[in-house]
Amino acid sequence: MTRYVINRLVQIVVILFMILTILFVLFRLAPGDPVARMVDPNMTPEDAARLIAQLGLDLPIWRQYLTYLGNCLTGNFGHSFHYGLPVLEIIGQRLPNTILLFSTGVLLSAVAGIAWGKLAAWNKGKATDLWLTVASLITHTLFLPWLALLLIWVFGYKLDWFPINGMISDEVWLDPDSGVLLKAWDVAYHMILPLGTLFIMHFGAYLLVMRSSMLETLKEDYIITARAKGLTEKAIRNHHAAPNAWLPVVTSVGLSLAFSINGGALTETVFSWPGIGRELVFAVSQNDYPLAQASFLLVASVVLISNLVVDVLYAYLDPRIRY
Amino acid sequence: MMRAPVFRLATTLPLLTILLVLALMWPSAAPAADWDRDVLRVGVLEEPKSLNPWLAGDSWSSHVQALLYQPLYLREPAELKPAPWLAAEPPVFDPQALTYTVRLRPARWSDGSPLTAADVVFTAELIQALKVPRFASLFAALKQVEALDQQTVRFKLSRPDASFAARALGAPVLSQAQWRPVLEQCRLTQRPLASLLQYKLEDPLSNGPFVLAEWRKGVYLYLKRNPHFFGQGLTIAGRKLGPEISGVVFKVYGTSDAAVLALRKGTIDYYWNNVQPGYLRDLTRDPAVRLVQSQKSALYFLGFNLRRLPTGEAAFRRAVALLIDKQFVIKRVLQGAGEVMSSLLPAGNRFYHLNTVPDYDQPLTRRQRIDQAVEILAGAGFSWDQRPAWEGDHLRPGRGLRDPEGNPLRELSILTPPADYDPQRAMVGVMAQEWLGQVGIPAFARPMAFGAMLEQVKSRREFDMFVLGYGNLPLDPGWLGAFFLGANDRPRGWNMSGYHSPEFDSLANQAGRAMDPQERQPLVQEMQRILMKDTPFLPLYNPTLTEALREDRFSGWVEMVGGVGNLWTFCELTPRAGRARP
């Protein structure tokens, strides 16, 4: 196992190096001028050229690449062209918000999806199965911005139960009398609508995977043996069938958690959630190379490491798997 | 077999969720605190990129920076003339010595230290020394700046520059105490300008009506009243200044949908953005909301590449100008929220605007437009395999258009921003394609990412036509010369069309040196007349700015070109007595 993990880590380093290179080339090939929006209508081409030189964009591509590699190795990912701040600082500000929302969303969806997937499989062909499966298919194929705006309209505006958007309300956070508890409540309160949207969109995927996996498991000989031994239905379902059906769901949840750091530009935009997804889209659209490269690299790193973690977890979940 | 009970988790989860939701709703029912009764809440679509005044030029940053960093002169809302702001009186110009002398009002920074002539001198010298991109061109003609005493500054120019007073003296004044150490630190680095632009400004010293109190990145930015604001209680340009509000919170909304709902709900008092026509019906019916329409200093136009044929042919451009029905664009694309532009200077710029309507902007029927365009093209030597012809009311479109040498016309591109960036300009591109196609001009609209389009037009210069716009042009007409001077026809230069006219260059240079506005006015108007005739750009429309605000908590919104989101509004707004947030 140790050898396997070491091998995988070496592979990850090689892949990351390739990703670094691909990201660098892709952003330079993309059309657009990173300083086009930083100039005013009276600025001369000479001033624009000076700005480009100051940002290091006038150097030959190979020199830019070497500088970029050198900086990455020392943990310096540069400054955002538009914010003027170190990109790691920008990512550091936004990433916790994204992780909070999307990881909670994945976990809630997964818990409900697994539970309802078991229920659907156990009641295969019955009304429960039909309703849960159809509901999953419908909700999973909804258009996210439409659903989000609908929830905002109904629960945020018409019923006025929840805030329309944002992560916190300035009324609470700027109030000198607000305590820590009230501020924590405020964050949770603002999470309800975006979490509801993510939950509705994603629980169906876990439900369907769990249902399908569970149906396969229920055909296994050890389930018949368990019944022959006179075990209760509950014991068969929860202790014999479900644990063996978890493997594909674990993969799915693991990768979803990894990708949750990528955020969701649409969810974050509609709910004005100050996460990394919106920044990533902004960075790409504005040719903010340092910010875009560092954000993508972070996503790639987390996904690669999560893959490794999931693989290792497999060995613990299924004793038959050995590396 | 025993029937399976419903799983405990599956049943309890929804119940727990409902209980959790109800519990979470409890804090919202708590009575609102009183601390924010006089705080104005403004909805914006993006947060400011930076409060570093040297770096950020985007409109969202400018909104906030305008409340922190003040200029010597500020345009007043009625006549749009520069009014003394940090300056105590109009600048004194000496035409022989080419100097402007400016006397300052007594003013203080937000830390209580005095604002002196040394701050003004330092700001100008820093801009010149590091060639700060946002401001360098404004100070290009500045030869020397000196403090004559604590309250008096003298700017000496190396050459006459008609824009200097309006533009350079309208630039913000920054604190020497805050920025000199930064400048010295930047000078020690390999790239001083980049170091300055990347300087993280934690606690900006303000000389404006507000000062930064708290900035939660991506969520809100809170400015509180600056107790040292020089204008408090003063009357400038006939307007009594406050601010009477205790602060401003800028709240970030990812979409217009959310911002408009927040306005209707009363979460914000003002949505600082143009309200799209789709929202207007609901907003009009809401008694708490007031819609304000303002002129913009904007220009949306169709540009031609004069470096290649057929767009380099004046007759061809005139034919295109005839085929584009601007009234139709206003009515259908802008849904009435805009005005036709005939001259490149917006009509809001009353002093310099040329109020002449060229023949191609006269009210013509579609048939008249097509017939006249065909005549112009035929007169210039263009020919068709099948000439456009009317069969009753039905047009048989032209086919196989050939240039004066008899070669078939290649496909011509009309570059536009994509519909998700600006649906109106994208739609104009499509309509132009259709209208040009009616006489056989093989044009096709090509939406592309905005940055890519700018690169294609300004750097590569590979295009035939493009639809572009400037939403907030300076009121000083100096940019008109920059856009069309022959010397600016170079990669990244502002002469995007590649327009060359010795007559225009001569006028633009004269206008650039005319220090007396009365002398400059006819020159600028003649420049517009020439551009109207040569049509390197075909001005299309100036959209009307529609903004939405609530009047139940604050009164005193100041309307001017560019909308109610202006410094005068923030200095004059007054809380209505006894009106709490809904």
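Once you keep just the Cα pairs under 8 angstrom separated by 6 or more residues, what percentage relative contact order results for chain A? Display every interim value, and only then the final one.
Details: 345 pairs, mean separation 88.9, N = 323.
After rounding, I find 28 percent.
In Å², rounded to the nearest 100, what is the total accessible surface buried by chains A and B against each other with a 1.4 Å probe?
Working: alone 18020 and 26950 Å², together 38240 Å².
Looking at A and B, the buried total is near 6700 Å².
Can you give me the relative contact order of segment B:422-494 as a percent, contacts being Cα pairs under 8 Å and 6 or more apart? It would help to have the intermediate numbers written out before the result.
Values: 38 pairs, mean separation 19.2, N = 73.
Relative contact order, segment B:422-494: 26 percent.
Leaving out ligands, DNA and RNA, what percent of the accessible area of chain A is carbon and sulfur, probe 1.4 Å? The partial results should precede the final answer.
Values: 10270 of 14690 Å².
Answer for chain A is 70 percent, counting heavy atoms of protein chains only.
Work out how much length A:N71 to A:I12 would gain on full extension: take 0.36 nm times their residue separation and subtract the Cα-Cα distance, in nm to one decimal.
On the way: separation 59, 0.36 × 59 = 21.24 nm, distance 1.93 nm.
So the extension gain works out to 19.3 nm.
What residues in segment B:438-487 lose 30 Å² or more of accessible surface when the other protein chains are added to their chain alone (1.4 Å probe)?
B:G451, B:A452, B:L454, B:E455
Please go through segment A:103-164 and write out the trypsin sites (Lys or Arg not before Pro) that DSSP classes as loop and that have at most 12 other C-beta atoms within 10 Å.
Working: sites: A:K118, A:K124, A:K126, A:K158; in loops: A:K124, A:K126.
Here the sparse-neighbourhood loop sites are A:K126.
Can you work out the FRET efficiency for the pair A:V312 and A:L29, with r the C-beta to C-beta distance and R0 = 51 Å, to the nearest 0.05?
0.90
What number comes out for accessible area per residue over chain B if the probe is 1.4 Å? Units Å², please. Write out the running numbers ahead of the final one.
On the way: 23560 Å² over 582 residues.
Each residue of chain B exposes 40 Å² on average to a 1.4 Å probe.
Output the antiparallel fraction of DSSP beta bridges having both residues in the protein assembly as shown, as a percent to the nearest 5.
On the way: 65 of 80 bridges.
Around 80 percent of the beta bridges assigned by DSSP in the protein assembly as shown are antiparallel ones.
What's the local net charge at B:A511, with K and R +1, D and E -1, over the other residues with C-beta under 10 Å away? Before the final figure, lay out each step's value.
On the way: positive: B:R513, B:R520; negative: B:E519, B:E526.
Here the charged neighbours net out to 0.
For B:L415, enumerate residues with amide H under 5 Å from its amide H, sequence gap 5+ or separate chain, H modeled in the peptide plane.
Amide H neighbours of B:L415: B:R446, B:D464, B:M465, B:F466, B:V467.
Please label the shape of chain B as rounded, prolate or oblate, based on the square roots a ≥ b ≥ c of the eigenvalues of the alpha-carbon gyration tensor (a/c under 1.5 means rounded; beyond that, a/b larger than b/c means prolate, else oblate). Mind showing how you got there, number by number?
Numbers: a/c = 1.98, a/b = 1.18, b/c = 1.68.
Cα axes put chain B in the oblate bin.
Run the helix sum for the protein assembly as shown: -39,500 (n - 2.57) per DSSP H stretch of 4+ residues, divided by residue count, reported at 222 nm to the nearest 500 deg cm²/dmol. Mind showing how you got there, number by number?
Working: 29 runs with 394 residues, N = 905.
Value at 222 nm, helices only: -14000 deg cm²/dmol.
Treating the Cα atoms of the protein assembly as shown as identical point scatterers in vacuum, please give the log10 of the normalised Debye intensity I(q)/I(0) at q = 0.04, 0.06, 0.09, 0.10 Å⁻¹, two decimals.
Debye output, listed in q order: -0.23, -0.51, -1.07, -1.25.
Looking at chain B only, what percent of DSSP beta bridges run antiparallel? Nearest 5 please.
On the way: 64 of 79 bridges.
Antiparallel bridges: around 80 percent, rounded to the nearest 5.
Kindly rank B:363-376, A:202-215, B:540-553 from highest to lowest mean number of other beta carbons found within 10 Å of each residue. Could the numbers behind the result be given before it?
Working: B:363-376: 16.3, A:202-215: 22.9, B:540-553: 21.4.
In decreasing order of mean packing, B:363-376, A:202-215, B:540-553 become A:202-215, B:540-553, B:363-376.
Pop out the ³J(HN,Hα) list for segment B:94-103 in order, Karplus 6.51 cos²θ - 1.76 cosθ + 1.60 with θ = phi - 60°, rounded to Hz; leave Gly and Pro as x.
Once θ is set to phi - 60°, the couplings for segment B:94-103 become 10, x, 6, 7, 6, 10, 10, 10, 10, 9 Hz.
Across peptide A:229-239, how many C-beta atoms of other chains are within 10 Å of each residue C-beta, on average?
Counting Cβ atoms of other protein chains within 10 Å of each residue's Cβ and averaging gives 2.
Take the Cα atoms of segment B:345-402, build their convex hull, and give its volume per residue in Å³. Before the final figure, lay out each step's value.
On the way: hull volume 6.7 nm³, N = 58.
Per-residue hull volume (Cα only) is 116 Å³.
Determine the relative contact order of chain B: mean sequence separation of Cα pairs under 8 Å and six or more apart, normalised by residue count, in whole percent. Could you put the intermediate results ahead of the total?
Details: 1109 pairs, mean separation 102.3, N = 582.
Once divided by the residue count of chain B, the mean separation gives 18 percent.
Apply the membrane-span-like helix rule to chain A: whole DSSP H runs, Cα extent along the own long axis of at least 15 Å, mean Kyte-Doolittle hydropathy at least 1.6. List the helices found. All intermediate terms of the calculation are to be shown ahead of the outcome.
Numbers: long enough: A:2-29 (40 Å, 1.91); A:61-73 (18 Å, 0.18); A:87-122 (49 Å, 1.17); A:127-140 (19 Å, 0.94); A:180-218 (48 Å, 1.12); A:242-259 (25 Å, 1.22); A:289-317 (41 Å, 1.65).
Qualifying helices, which must be both long enough and hydrophobic enough, are A:2-29, A:289-317.
Once the Cβ-Cβ distance between A:I22 and B:Q96 is put in as r, and R0 is 56 Å, what FRET efficiency do you end up with, to the nearest 0.05? Write down the numbers at each step before the final one.
Numbers: r = 63 Å, r/R0 = 1.13.
Efficiency for this residue pair is about 0.30.
What list of ³J(HN,Hα) couplings, whole Hz, do you get for segment B:301-311 from phi and the Karplus terms 6.51, -1.76, 1.60, once you set θ to phi - 60° and write x for glycine and proline?
8, 9, x, 10, 8, 7, 7, 9, 9, x, 5
So, by mean Cβ neighbours within 10 angstrom, what's the order for A:286-297, B:62-73, A:231-242, B:379-390 with the highest one leading?
Details: A:286-297: 23.8, B:62-73: 21.2, A:231-242: 17.2, B:379-390: 15.0.
Listed from highest to lowest mean packing, they are A:286-297, B:62-73, A:231-242, B:379-390.
Any idea of the accessible area per residue across chain A, 1.4 Å probe, to the nearest Å²? Mind dumping the intermediate values first?
On the way: 14690 Å² over 323 residues.
Accessible area per residue: 45 Å².
Hey, any idea what Rg/Rh is for segment A:87-317, computing Rh the Kirkwood way over Cα pairs?
On the way: Rg = 20.7 Å, Rh = 19.7 Å.
Rounded to two decimals, Rg over Rh is 1.05.
For peptide B:213-224, compute the average count of partner chain beta-carbon atoms within 10 Å of each residue's beta-carbon.
Shielding by partners across B:213-224 averages 5.
Testing the spin-label approximation: label points 7 Å from Cα along Cα→Cβ at B:K200 and B:R399. State their distance in nm.
6.7
Taking R0 as 22 Å, what FRET efficiency do you get between A:I305 and A:R3 from their Cβ-Cβ distance, rounded to the nearest 0.05?
On the way: r = 18 Å, r/R0 = 0.81.
The value I calculate is 0.75.
For segment A:92-150, which chymotrypsin sites (Phe, Trp or Tyr not before Pro) pass both filters: DSSP loop (anything but H, G, I, E, B) and at most 14 other C-beta atoms within 10 Å? Mind dumping the intermediate values first?
Values: sites: A:F102, A:W116, A:W122, A:W131, A:F143, A:W146; in loops: A:F143.
Taking segment A:92-150 and a limit of 14 other Cβ atoms within 10 Å, the loop chymotrypsin sites (Phe, Trp or Tyr not before Pro) found are A:F143.
What is the average number of partner chain Cβ atoms found within 10 Å of a Cβ in B:257-267?
Details: counts 9, 12, 3, 2, 8, 8, 0, 2, 5, 0, 8.
So the per-residue partner count for this stretch is 5.
The values are calculated or read from the model by the stated rules, or taken from the named source; none is laboratory data. This structure is a prediction, so every number in the text was calculated from the model and none was measured. In this analysis, Cβ positions are derived from the backbone assuming ideal geometry, glycine residues included, and neighbour counts consider all displayed protein chains. With ligands, DNA and RNA removed, areas are computed over all heavy atoms of the protein, side chains included. Shrake-Rupley method; radii C 1.70, N 1.55, O 1.52, S 1.80 Å.
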